[in-house]
Every structure is written in C-alpha cells, then in structure tokens.
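Note sheet for the following structure.
The values are calculated or read from the model by the stated rules, or taken from the named source; none is laboratory data. Keep in mind it's a predicted model, so treat the numbers as computed, not measured. Cβ placement follows ideal geometry from the backbone for every residue including glycine, while neighbour counts extend to all protein chains displayed.
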Amino acid sequence: MHQLNLIYLYSLINSSLAFIWAFLISVFAIPSIVRVSHQKKILDEPNGRTIHLSSTPRLGGLAIFAGLLSSLTIFGNLANGIQYVLAGTSILFFIGLKDDIVTVSAFKKFFVQLLASSIILFIGNIRITSFQGMFGIYEIPDGMSYAFSLILIIGVTNAINLIDGLDGLSGTIIIIISATFGAFFFIYGGSAFGAYGDLAICLIGGVAGFLRYNMHKAIIFMGDAGSLVCGFIISVMAMKFIEMQPVHTTPTIALGILFIPLYDTLRVSISRIIKGKSPFSPDKNHIHHRFIAMGFSQIATVFMLALINISLILFVIFFEKMGMHFELMIIIIFSVILTVILEMIPRLKKVPA
C-alpha cells in the first residue's frame, strides 16, 4: 500500500510539472510572438466572415506546440504510440504554420492531413477496431476499421479547426475535451493507455498558456498551426479512449465529449448542402455566429458553448447505465432542438442566416 501511494504521488508530481512546464513555455513565448508578428505583418485581417475588428497575430500555435513538445519529451511517456502522434503532429504543425504565414491551398493541407493520419493508422496501428455494440456492431473488418478511423481523424481535426472563430472558444473547448479524456486515461489507462493522460496534460498546459492572451479581447489567435495540432491530438485521444473501453457506452461518451465541434461541423455542412452550396464554402453560420446573432456577447457565447459541452459530458457519464442507444437518442434529440433554436431565433430577429 505504501509503495502504491508513492507511485500515485510520483504520478501526481510528474503531471503537475508537465502542466506547469507547458503552461510557462506557452505563456512566456506569446509576447515575443505577438511583437514579431506585428513587425513582420503576419496578421489576420478582418473580413466579412470574421468577428474581430482589428489586425491580430495568428501564430499562437507556435507557443502551444513549443509548450506541448518540450513538456511531453521531458515529463511524458513516449511509449504506446505517442512517438507516432508526435511525428504526425509535427508534420501538421509545419503545414499549419506555413498557412498562417503564406496561404496554402486546401488540397495541400488535406494531403498533409492524409500523410499524418497514415503515420497513425499504418505505422502506429492506432485505429478503431470495434463499435462495441453500437447498432449491434462489434468487431469490424480491417478495411472498414482503417476507413472509419481515417474519417474520424480528418473529421475531428477539421472540426476543431472550424470552431476557431471566436476569442477563447477553441482553446476553452480543447481544454474541456482534453481534461475529460485525460481523466479517463489516468483512472482507467494503466500501462497500455496511461501515456495518453500525459499527452492530455501537456496539451492542456500549452493551450492554457495561450488562452491567457486569447480571451476577449484577444491579442493573438491560434491559427492553423495550433488548431490542426490540437485537433489531430484530440482525434487520436478519441480513438484510444474508444479502444480502451473504460465503460460499455464508450462510443456515446466520446460523442458527448466531442459534442460542440462535431455538432457544429455536421450542422453547418448539412445546411450548406441543403442550400445547394459546397459543404466547404465559408460562411457565418457556425454555432458561435448563431449565438452572437441571438444577442450574446463573445464572452457569454464561449461560456454557453462550454456549458453545453460540459452538460453533455456529464449526461453521458452519469447516465451510462441507461445504455448506449438511449444516450445516442438523447444526443440526437438535443441536437435537433438546438438546431431549431439556432435557426429560428436569429430569423425572428431578422438576422440573415
């Protein structure tokens, strides 16, 4: 018992140091990045789709990645596939950084996402192998496993990227998601999955340091370098969480944890298709745009979306005994109700969708 307590104490101290290191690297790097960005005119200019009104640096991903990478390599466990996550993350970071400095075509970014995903799937062999009873499906064939896992990685990575449109929103949601996955990894992970708890802690530290300067009114944005890195890491944590199967409703718990980015991406894509537009065409119809249209301030919008995500997480965790399909049904019903509210109230206020 005494030895076990020492192990837990060591783990707690190590995790605390990992968070503090990532946080400090990020929080002290930002002022220099902001200064250089203004000097070199590496700025995100206001346009018809953005909410910010002044030119703002978009290289916050530099600080997040520096804090994450240095903390993980010093305090983290690089076993059980973490090295492949770092490899994929590094590739995405550099294409994202390039896009933040000079525009990169959507095709090139997608190709690099495929490359990073291939490292995870084919070299790291990190993928979804079972639906664990959802719709009566358990083990899935290898071909379906690779295809579904690829869609999950690309989808979640870009979903996180798409919610990066409001001061403090993406960072707040990333911290909520990472903290929830991290808690499960620390509690249930053991030697096979515990390393992903370290990954979550390092990511939280890096993003928390960045968030210090990104809340309204933000002096720096995350940029693609930050959002692609965070989204990619979250997608891998989601797959490892599902494969870990801490409870029998793991897939719906993952949906609850990822609710805000997944819901927003699906709603916006379906809405564009219904209107005859490309699902990739930019507009001001994201969930944060709708809340702003309903009269919420930026800070209130971030708070409300964080509250919704936390509420869904608590629901899927505490109602786990009700079963996977019951939870899925409630999530779908809630999504429909939320969609009706988002579409109807702004129109009643004569705000164009």
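Values for this structure:
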read-out	value
Residue tally, condition part of a helix (DSSP H, G or I) and more than 24 Å from the chain's Cα centre (by Cα), over segment 308-336	4
Criterion: over 16 Å from the mean Cα position of the chain (by Cα) and surrounded by 23 or more Cβ atoms within 10 Å (Cβ to Cβ) - qualifying residue of 148, 185, 181, 193	185
Scan of segment 284-336 for residues that are touching a Pro at 6+ places or on another chain (Cβ under 7 Å) and either free of Cβ contacts under 8 Å to residues at least 24 places away in the same chain or within 30 Å of residue 133 (Cα to Cα) (or both), ordered by number	324
Of all residues in segment 74-105 being hydroxyl-bearing (Ser, Thr, Tyr) and at pLDDT 95 or above, the one that is farthest from the chain's Cα centre (by Cα)	84
Qualifying positions in segment 105-116 - surrounded by 15 or more Cβ atoms within 10 Å (Cβ to Cβ) and either without any contact (Cβ under 8 Å) to a residue 40 or more places away in the chain or of a type in the set (D, E, K, R) (or both)	109, 112
Residues that are of a type in the set (Val, Ile, Thr) and surrounded by fewer than 24 Cβ atoms within 10 Å (Cβ to Cβ), drawn from segment 221-249	242, 247
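This table checks each residue for (1) farther than 17 Å from residue 162 by Cβ; (2) of a type in the set (A, V, I, L, M, F, W, C).
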site	(1), (2)
260	no, yes
269	no, no
274	yes, yes
291	no, yes
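Conditions tested, residue by residue: (1) surrounded by 14 or more Cβ atoms within 10 Å (Cβ to Cβ); (2) in a loop (DSSP other than H, G, I, E, B); (3) modelled with pLDDT under 90; (4) in contact with a strand residue (DSSP E or B) (Cβ under 6 Å, 6 or more places away or on another chain).
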site	(1), (2), (3), (4)
39	no, no, no, no
46	no, yes, yes, no
50	yes, yes, yes, no
53	no, yes, yes, no
62	yes, no, no, no
67	yes, no, no, no
72	yes, no, no, no
